[in-house]
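To start, the structure itself, in structure tokens.
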Amino acid sequence: SIALKNQNNELIHDIETKIKRIDPSFSFNGLTTEIPTTFMYGQYRTKTNKIYLQPWQIGGPPMESFLTEVTGSYDKGNSLAALFFYGFFLPHEVGHAFQYHTKNLPKNAYDEEYQANEFAVLYWRSNGKQKELEQCYEMAKLVLTKLKNPIPDNVDAKQYMTDHYDELVKDPYKYGFIQFSQIVKVIEDKSLPNFEIYVKQKTSKKVKNN
């Protein structure tokens, strides 16, 4: 856990350094990570300015069973955990911190998550992790074949997710569908700018809002 915390904080420092090259006034104000000792979903908390993200093994047999079921095998479940728990999810949570510190908080939970996924994808692209992102993409598509959309037909998806967020996030089958479908959509989006332009767009809004 100590090694993981140090690695996480090094990644946060790398992201902050990249952003500061674009906007020298930006700061995460000491953003750091904590490694919970009991299972909880990954999250960024504004009050503590910390990201809480645990090793997937803390979830025990229920998490192991979920990963095996949605990927089709124990080995693929481990591969999913490695790609997302130790790769994709941390920049995703940093994306939430970026929203907060630039005062660009979306008005609904769906867009909040979607933009955090955009941030994570663009950051990894800026670091040359195309191969790993392709692996995430293929894994996400595989998982989606095993999950059902929890959002009812003929309702506003963004409003529904906002109203039912606490319920959805506690169910890996429901929340997993939303996250993995968003990740697939973001990676497929050819209109997305690179990380530098994306950050410029968001930080310029911060200046205007101030």
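Name the helices (runs of 4 or more DSSP H) wholly within the range 100-210 that hold at least 2 residues that are of a type in the set (Ser, Thr, Tyr) and under 20 Å from Ile12 (Cβ atoms)?
Details: elements: 109-126, 130-144, 157-163, 165-169, 172-188, 195-209.
Result: 109-126, 195-209.
Which one is farthest from Thr68 (Cα to Cα) among residues in the range 165-191 that are open to solvent by 60 Å² or more (accessible area, probe 1.4 Å) and of a type outside the set (Asp, Glu)?
Looking only at the range 165-191, we keep the residues that are open to solvent by 60 Å² or more (accessible area, probe 1.4 Å), and these are 166-167, 170, 173-174, 185, 188, 190-191.
Among the residues that remain, those that are also of a type outside the set (Asp, Glu) are: 170, 173-174, 185, 190-191.
Values: Lys170: 19, Tyr173: 13, Lys174: 16, Lys185: 24, Lys190: 31, Ser191: 34 Å.
Among those residues, the one meeting the criterion is Ser191.
Given (1) without any contact (Cβ under 8 Å) to a residue 40 or more places away in the chain; (2) in a helix (DSSP H, G or I); (3) of a type outside the set (Asp, Glu), identify the lone condition not met by Gly87.
All conditions are met except number (1).
Specify which of the listed residues (Lys103, Lys107) is free of Cβ contacts under 8 Å to residues at least 40 places away in the same chain and open to solvent by 10 Å² or more (accessible area, probe 1.4 Å). Let's see the steps before the verdict.
Working: Lys103 fails: free of Cβ contacts under 8 Å to residues at least 40 places away in the same chain.
Exactly one residue qualifies, and that residue is Lys107.
Of Asn194, Asn127, which residue is surrounded by fewer than 17 Cβ atoms within 10 Å (Cβ to Cβ) and within 23 Å of Pro55 (Cβ to Cβ)?
Answer to the selection: Asn127.
List the pairs whose first member sits in the range 139-164 and is touching a residue at least 60 places away in the same chain (Cβ under 8 Å), whose second member is among the basic types (Lys, Arg), and whose Cβ atoms are under 9 Å apart, counting only residues at least 6 apart or on separate chains?
Short answer, once both residue conditions are applied: Met139/Lys76; Leu142/Lys76; Leu147/Lys174.
Going by the structure shown, is Val70 open to solvent by less than 30 Å² (accessible area, probe 1.4 Å), closer than 21 Å to Lys170 by Cα and within 14 Å of the chain's Cα centre (by Cα)?
Working: open to solvent by less than 30 Å² (accessible area, probe 1.4 Å): yes; closer than 21 Å to Lys170 by Cα: yes; within 14 Å of the chain's Cα centre (by Cα): no.
When the stated conditions are applied, Val70 does not pass them.
The values are calculated or read from the model by the stated rules, or taken from the named source; none is laboratory data. Keep in mind the model is a prediction, meaning the values are calculated, not measured. No Cβ is skipped: glycine too gets one built from the backbone with ideal geometry, and neighbour counts run over all protein chains shown. Surface areas here come from the heavy atoms of the whole protein model, side chains and all, with no ligands, DNA or RNA. Shrake-Rupley method; radii C 1.70, N 1.55, O 1.52, S 1.80 Å.
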